[in-house]
């Protein structure tokens, strides 16, 4: 079955991309203006609209605590993902590649937030391991607010090997690590760059860390020793954007 997407921003993005097969709305009367607009946009594209009395009437299950905002959609197709062998061709699509590598980010909210930041910052593609990584599910798509549908994600079986492939193609790989001696702000990010971020708490795995060309830290002035992975990722990506002008 195609994937279920929920939440105003995620569904609206899907409708605008004409990638929704069917739209579901949880209430029949007194729709707020936003839901009404999305419904009108769907009808204009001949997308079937179904009103529900309960989330139990959906064609697939959803978590009880999901913040669905009374709107759902079924995708026409499952999102396309890429594999390790696609990396060389993906790199050719940019004169100055900008890549995000996520090592073992298993929380779907963090993963979705990273995708949203990456898309907004102009990242060319994201590399994630096949195992020990959150799948691009409905929660990830909702948190990403539509960015997942427009972001290329490369799923690899061996992350260290994929990093080596990036390096072979002239990409400098910088891992974010709190114990690093150099600040990311002091590094030149104008070359082809891959930023690597690890899971909150454990950080990057040791093999991933040793595969990086450099390790860098973000300036920390308070008593807290680390940042949420999605926050750290956003800061690092936008420092790259700032340097590149």
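What to note about this one:
- Wholly within segment 134-218, helices (runs of 4 or more DSSP H) carrying at least 1 residues that are at pLDDT 95 or above: 159-168, 206-211
- Each residue in segment 129-151 was checked for being buried (at least 19 other Cβ atoms within 10 Å of the Cβ) and over 19 Å from residue 11 (Cβ atoms), and 3 pass.
- The residue that is nearest to residue 234 (Cα to Cα), among those in segment 94-104 that are in contact with a helix residue (DSSP H, G or I) (Cβ under 9 Å, 6 or more places away or on another chain) and surrounded by fewer than 24 Cβ atoms within 10 Å (Cβ to Cβ), is 98.
- Within segment 154-169, considering residues that are over 16 Å from residue 209 (Cα atoms) and in contact (Cβ under 8 Å) with a residue 40 or more places away in the chain, the one surrounded by the most Cβ atoms within 10 Å (Cβ to Cβ): 156
- Against the conditions (1) in contact with a strand residue (DSSP E or B) (Cβ under 9 Å, 6 or more places away or on another chain); (2) surrounded by fewer than 20 Cβ atoms within 10 Å (Cβ to Cβ); (3) not in a helix (DSSP H, G or I), residue 126 satisfies every one except (2).
- Residue within segment 9-21 that is free of Cβ contacts under 8 Å to residues at least 60 places away in the same chain, under 19 Å from residue 146 (Cβ atoms) and in contact with a strand residue (DSSP E or B) (Cβ under 6 Å, 6 or more places away or on another chain) present: yes
- Scan segment 21-69 for residues that are part of a loop (DSSP other than H, G, I, E, B), within 23 Å of the chain's Cα centre (by Cα) and surrounded by 13 or more Cβ atoms within 10 Å (Cβ to Cβ) and the total you get is 4.
- Test: residue 151 is within 22 Å of residue 243 (Cβ to Cβ) and in contact (Cβ under 8 Å) with a residue 24 or more places away in the chain: yes
The values are calculated or read from the model by the stated rules, or taken from the named source; none is laboratory data. This one's a predicted model, so the numbers in the text were calculated from it and none came from an experiment. Quick reminder, even Gly has a Cβ in these numbers, built from the backbone with ideal geometry, and neighbours come from all protein chains shown.
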